[in-house]
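Report on one structure; see the data block that follows.
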Amino acid sequence: MANISSNSLFHFTSTFLNLARILTENFTPRYCVEEIKFGTECFELAIPMVCFCDIPLSQIKNHQDVYGNYGIGMTKEWAQKKGINPVFYLRKESLVDKKLQIFWDKLNFKPDRSEDALNSMDFAFELLRYLKMYEGFFKRINKDHIYYNEREWRYVPLNSKEYFLFLTKSIHENEAKLRNMNFRISKHKLVFNHSDIAHIIINDQSERLRMIDKLRELYSNSNLEILISKIKTTEDINQDY
């Protein structure tokens, strides 16, 4: 029976240059807007993150159609060491949806700001950073989308005074403010080395030599041949998986 999960976590992007930048500079968190709804609450928050999908290559085409044909696959052992976690998908009108509303109401109406209350608020904000709706309208493709099919895993930097846990949508839409916030969060990179890479995905064979040249810039000869063997093209994936 075919696996419904992969042994790797994939991050896809739209250009060769973006992929080359990841190989050169590691993964850099960026603030991305998420719409989160539970009960009567609706939040549009920009959360600092790096996203991955847990989808076998045999089923990856639809995901690539949305996010791009260039990607890097990382081992799950690396993801575990880095504390990367699957997001928590939330279905409207489920029991969890109702429980979250109750929990949020209790936080909002607590008159005290005791240590316990503040710890509960911190937990609520951390939970929000890992929540994702089961389905909803997706602006990138301009139609309704089942987010659950993406099987998302997410890296969110730990709480720090150096950056904000999240931004409001209005700040995210201000280019100057967003640039400053992304610069501040960019210090919290998600670092890897050559042995953590399971796959390097380019669009087609015409870019193979270009990718090999990039790898030659970054890695020693002893690691180069191993990494070259991990290069796959979107064409290969569509034909062979």
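The values are calculated or read from the model by the stated rules, or taken from the named source; none is laboratory data. Please read all numbers here as calculations on a predicted model, not as lab measurements. Positions of Cβ are backbone-derived with ideal geometry, glycine not excepted, and every protein chain shown enters the neighbour counts. Calculation scope for accessible area: heavy atoms of the full protein, side chains included, ligands and nucleic acids excluded. Shrake-Rupley method; radii C 1.70, N 1.55, O 1.52, S 1.80 Å.
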Expected 222 nm ellipticity per residue - DSSP helices of 4 or more, -39500 (n - 2.57), all of the chain, to 500: -11000 deg cm²/dmol
Which of LYS82/LYS106; LYS189/LYS230; LYS81/LYS187; LYS92/LYS143 have a Cα-Cα distance over 30 Å? LYS82/LYS106
Nearest-20 debye value, the chain charge dipole, Cβ charges on Lys, Arg, Asp, Glu: 360
When the chain is fully extended, how far beyond the present Cα-Cα distance does ARG30 get from ASP204, taking 0.36 nm per residue of separation? 59.9 nm
Regression test value, accessible area per residue of the chain, probe 1.4 Å, units Å², expected 57
Determine the equivalent ellipsoid of the stretch 1-90 by diagonalising the alpha-carbon gyration tensor, then write out the semi-axes as square roots of 5 times the eigenvalues, largest first, rounded to whole Å. 23, 18, 15
Note: SER195 to ASP213 extended length (0.36 nm per residue) minus current alpha-carbon separation gives 4.6 nm
Kirkwood Rh, angstrom, the stretch 83-224 [1 / mean 1/r, Cα pairs]: 19.5
Rg to Rh, two decimals, where the stretch 165-206 supplies the alpha carbon set and Rh follows Kirkwood: 1.21
For the chain, which DSSP H helices look membrane-span-like by this rule: Cα extent along the axis of 18 Å or more and mean Kyte-Doolittle of at least 0.0? 115-128
With all distinct Cα pairs included, what does the Kirkwood hydrodynamic radius of the chain come out to in Å, to one decimal, could you say? 19.6
P(r) over all Cα-Cα pairs of the stretch 6-51, 5 Å bins from 0 to the longest distance, whole percent per bin, short to long, reads 5, 16, 18, 19, 16, 11, 8, 5, 2
Quote the FRET efficiency, to the nearest 0.05, computed for TYR134 versus THR168 with a Förster distance R0 of 30 Å and r equal to the Cβ-Cβ distance. 0.80
Carbon and sulfur: what percent of the chain's accessible surface (1.4 Å probe)? 52
How much length is gained if the chain between LEU178 and ILE228 is pulled fully straight, taking 0.36 nm per residue apart and subtracting their Cα-Cα distance, in nm to one decimal? 14.4 nm
